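Chemist: One structure is given below, represented as structure tokens, and several questions about it will come after.
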């Protein structure tokens, strides 16, 4: 075989590899995104009066950027969980309050984003607000970050209570000075929620629902949320006043990864 034919064969082999790689990439890009089961719904389709402030669609969260999988600021839940929230909302509206959700269904890719962030010990840009007293090396050991989340099963949500009439919340502007999530309500990032003693996603023991240091009006607000939801089948996570799961869960062992988007849902849901 001549040097020329060897060179030509090498070029052909390299070209074939490039074309195969391009073809594989095109196939991967063309693969349809996973879809939600038919009994997942947009909360708005069940109760449009519940406020939605989906924090992981924005950079105002402990990571400091929009989280993977959040394509729209949308609360998606299993239908039983959404219908139970509607019943809770009906009770609260009679008392002059409304529910507000911060997060609902969370795809596994979002949880994976949290895990990657937690392992990057150099990224501490949001520490001053969300985990001022927690060393980032402790996030897994202390249970703040995990490889899987109940949110991915579709019946867990993070939420709070807002007094009516609801005031708009000032938009978050990246780069502004951060204030600890456990600071007095008048000092921490403004939220139209009633005062729960800490902000949402506060990595601190003060966020434990029944922490004895939380008293007075703050404790009353937490108990109002808890008593309203527990009476309708929701179970609170003791370490987070905002975290509730509807029981029994339709998918107690399945962790979904479809994007947070209307396109993930069956039309009409």
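The values are calculated or read from the model by the stated rules, or taken from the named source; none is laboratory data. Model, not experiment: these values are computed from the prediction. Cβ placement follows ideal geometry from the backbone for every residue including glycine, while neighbour counts extend to all protein chains displayed.
Chemist: Of everything in region 192-209 that's in a loop (DSSP other than H, G, I, E, B) and in contact with a strand residue (DSSP E or B) (Cβ under 8 Å, 6 or more places away or on another chain), which residue is surrounded by the fewest Cβ atoms within 10 Å (Cβ to Cβ)?
Modeler: Result: 192.
Chemist: Output the residues belonging to region 233-255 that are part of a loop (DSSP other than H, G, I, E, B), touching a strand residue (DSSP E or B) at 6+ places or on another chain (Cβ under 8 Å) and buried (at least 16 other Cβ atoms within 10 Å of the Cβ).
Modeler: Listed by number, the residues that qualify are 233, 237, 240, 242, 249, 250.
Chemist: Answer yes if at least one residue in region 163-178 is under 22 Å from residue 131 (Cβ atoms), under 20 Å from the mean Cα position of the chain (by Cα) and modelled with pLDDT of 95 or more, and no otherwise.
Modeler: no
Chemist: Could I ask something else about it? Within region 94-117, which residues are farther than 24 Å from residue 264 by Cα and in contact with a strand residue (DSSP E or B) (Cβ under 9 Å, 6 or more places away or on another chain)?
Modeler: Residues satisfying the conditions are 96, 97, 98, 99.
Chemist: Would a scan of region 129-144 turn up a residue that is in the same structural domain as residue 70 (by TED's automatic domain parsing), closer than 25 Å to residue 220 by Cα and touching a helix residue (DSSP H, G or I) at 6+ places or on another chain (Cβ under 6 Å)?
Modeler: no
Chemist: Given the structure, is residue 76 under 26 Å from residue 219 (Cβ atoms) and touching a strand residue (DSSP E or B) at 6+ places or on another chain (Cβ under 8 Å)?
Modeler: no
Chemist: Among the numbered conditions (1) surrounded by fewer than 20 Cβ atoms within 10 Å (Cβ to Cβ); (2) modelled with pLDDT of 95 or more; (3) touching a helix residue (DSSP H, G or I) at 6+ places or on another chain (Cβ under 8 Å), tell me where residue 156 comes up short.
Modeler: Just one mismatch for residue 156, condition (1).
Chemist: Quick one: in region 215-232, of everything that is without any contact (Cβ under 8 Å) to a residue 24 or more places away in the chain and closer than 23 Å to residue 55 by Cβ, which residue is surrounded by the most Cβ atoms within 10 Å (Cβ to Cβ)?
Modeler: Per the criteria, the residue is 218.
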